[in-house]
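For reference, the structure is listed below as structure tokens.
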Amino acid sequence: MASDQFSSSSSAEEPSIDLRLLLEINRLCEDAIMKGDDTPFLLLNVDDVIEKIKQWKLAMPRVTPYYAVKCNSDPVLLQILASLNIGFDCASKEEMEVVVDLDVPAERIIYANCCKGPTHLQSAAKLGIELMTFDNESELLKIKQYFPTAKLLLRIMVEKSSAQIQMGTKFGCEFTLIEHLLEAATRHNLSVVGVSFHIGSLAQDPNDFAVCIEKSMHTFLTGEKLGHKMTILDIGGGFPGEADSLEKFKETAKCINNAIDEFFPPESEVDIISEPGRYFVTSAFTFFGSIIGKKEILVKEPNIMYFVNEGIYGLFVHKIFHNVHVTATPVKEYAPDSLKVCCIAGQTCDPLDILVESCILPELDVGDWLMFPNMGAYTSACSTQFNGFEKTGVKYIVSEETLSYLEKFSAGMKLCSFLKGKSVVLEKSNLLTK
Ligand SMILES: *Cc1c(COP(=O)(O)O)cnc(C)c1O
């Protein structure tokens, strides 16, 4: 789960961040066992988020990210992103208010919802959040009524992409209607400043971005012909965020860089923005669940069913909505000779509530802890309290190295003291005394 990018920076006497993280995880779970506390928790590894920001800047220096708040709105996470000058993609009055409350200036927020409720649109006007998307004519009438000075991005439809979750079924203007909508905006005296699209979530083929960037270029030309000053291209979300997806991310970035250099070269002075959700959060959160039940099955494999104190109505809702493959590993180390085919079930009374249908794990017992990586995207954000089970809380962890790195930023000191107050700090020394 941890990023190993830092290991080179630690000397022989200083244990690597990975090792410190692992020891801390063991300590957290052992403490819980000692206290007889089986409360499950998510762990946000702050280092992982910081590393994602660094990688983004390295890979796509021309593309400014606006984090899609809906993906995970953990307050500490939002504070980190806000302090490091990341922009935000909001879809409702409530999301806009949360972000504005973090002192994020309105210019760093995009209201990326093509169909906005009138009261929500009025909130955007009040907060001065000008940049917003649209994909239909009746939206233009609403914007004209409530926020005539807004700056609009026309969201174009992505009819088909390699993504697991297609967006074109609900969002975007059809290709044949682009000119009509841009004309309508001119007629209503509204200013369209650019184009947006979203290739869909969990995409397989980075070339989807290139195809849409080229289409956007044609839309820019149409807009300019109709008198709009087109200056912003928004390439949406859909970037991979799992722990092992750095190579795929870099490949996607390369494809995007080539396409923007071809269709929107730096001389065009077009600002390129994006709306990544998953990318920033998927691998940063790990779920820790305690085994609360164990049932042997004689007649068929899997031979053991473990019950964990979470489920598909809680954090694992992404397994149902997004068909995400869930994996688990025991926190404790075990002798490799006790391997069994097993199944991991959730805690609710719904027979559908299965997290892992079949996997191989060492034989475990009630009270043992399991960890599930890549639990940041569309998990806590979409979870319910079905059957009365409380929502799982978050613990935070950050390394001393990351804290010193953050201190270099203008908002860094404040962020560091905020993080120190909330997190377990992985210190370089006195590891053995813990
Ligand atoms: C959900 C959403 C995103 C984020 O998508 P990811 O696949 O999580 O990157 C970005 N923009 C819009 C408009 C969205 O609805």
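Data table
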quantity: Extension gain from Lys414 to Leu102, taking 0.36 nm per residue of separation minus the Cα-Cα distance; calculated: 111.1 nm
quantity: Whether segment 17-72 is rounded, prolate or oblate, judged on the alpha carbon gyration tensor where a/c under 1.5 counts as rounded; calculated: oblate
quantity: Between 0 and 90°, nearest 10: helix 137-146 axis offset from the chain longest Cα axis; calculated: 90
quantity: Backbone N within segment 67-96 under 11 Å of label point (7 Å from Phe386 Cα along the Cβ vector); calculated: none
quantity: For segment 82-97 and segment 214-235, distance of Cα centres in Å; calculated: 25
quantity: Loop-located chymotrypsin sites (Phe, Trp or Tyr not before Pro) in segment 322-399, at most 15 other Cβ atoms within 10 Å (DSSP); calculated: Tyr334
quantity: Nonlocal amide H pairs with Ile165, under 5 Å, H built at 1.01 Å; calculated: Ser201
quantity: Whole-Hz couplings from phi, Karplus 6.51/-1.76/1.60, listed for segment 345-355; x for Gly and Pro; calculated: 10, x, 8, 7, 8, 9, x, 6, 6, 10, 8
quantity: ³J(HN,Hα) computed for each position of segment 400-409 - Karplus, 6.51 cos²θ - 1.76 cosθ + 1.60, integer Hz, glycine/proline x; calculated: 4, 4, 5, 4, 5, 4, 5, 4, 6, 8
quantity: Relative contact order (%) - segment 220-298, alpha-carbon pairs under 8 angstrom, separation at least six; calculated: 43
quantity: Rounded to 5, percent antiparallel among DSSP beta bridges of the chain; calculated: 35
quantity: Neighbour net charge for Phe409 - beta-carbon separation under 14 angstrom, K R +1, D E -1; calculated: +3
quantity: Pair Ser429, Phe175: separation of 7 Å Cα→Cβ label points (nm); calculated: 6.5
quantity: Distance between segment 111-142 and segment 26-62 - C-alpha centres, whole angstrom; calculated: 35
quantity: Dipole axis of the chain (+1 Lys, Arg; -1 Asp, Glu on Cβ), positive-most option in Gly393, Tyr334, Gly194; calculated: Gly194
quantity: Two-site FRET efficiency, Leu298 against Asp31, from Cβ-Cβ distance with R₀ of 25 Å, rounded to 0.05; calculated: 0.10
quantity: Sorted by Cβ neighbour density within 10 Å, fewest at the top, the residues Met305, Met230, Met375; calculated: Met305, Met230, Met375
quantity: Neighbourhood net charge (15 Å Cβ-Cβ; Lys/Arg +1, Asp/Glu -1) for Lys70; calculated: -2
quantity: Proximal charge balance of Tyr334 [Cβ under 13 Å; K/R count +1, D/E count -1]; calculated: -3
quantity: Relative frequency of Cα-Cα separations exceeding 27 Å in the chain, percent; calculated: 56
quantity: Anisotropy class of segment 312-434 from Cα gyration tensor, a/c 1.5 cut; calculated: oblate
quantity: J(HN,Hα) series, segment 192-197, from Karplus relation 6.51 cos²θ - 1.76 cosθ + 1.60, nearest Hz, glycine and proline x; calculated: 8, 10, x, 10, 9, 8
quantity: Segment 254-299 shape via C-alpha gyration tensor axes, a/c threshold 1.5; calculated: prolate
quantity: Least to most buried among His325, His318 (fewest other Cβ within 10 Å first); calculated: His325, His318
quantity: Value of [θ]222 nm, deg cm²/dmol, for the chain, DSSP H segments ≥ 4, -39500 (n - 2.57) each, nearest 500; calculated: -10000 deg cm²/dmol
quantity: Asp89 long-range amide H proximity, modeled H, under 5 Å; calculated: Tyr67, Ala68, Val69, Ile110
quantity: Long-range HN-HN contacts of His198 with modeled amide H, under 5 Å; calculated: Val158
quantity: Segment 156-181 residues near the modelled Lys225 label - backbone nitrogen below 11 Å, point 7 Å along Cα→Cβ; calculated: 179-180
quantity: Computed label-point distance, nm, for sites Ser404 and Lys57 using a 7 Å Cα→Cβ extension; calculated: 1.8
quantity: Efficiency of FRET between Thr119 and Arg187 - r from beta-carbon atoms, R0 30 angstrom, step 0.05; calculated: 0.70
quantity: Sorted by Cβ neighbour density within 10 Å, fewest at the top, the residues Thr282, Thr64; calculated: Thr64, Thr282
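Rule-based calculations on the coordinates, nothing more; no lab input. Just so you know, these numbers come straight off a predicted model, no measurement behind them. As a convention, Cβ positions derive from the backbone with ideal geometry for all residues, glycine included, and neighbour counts pool all protein chains shown.
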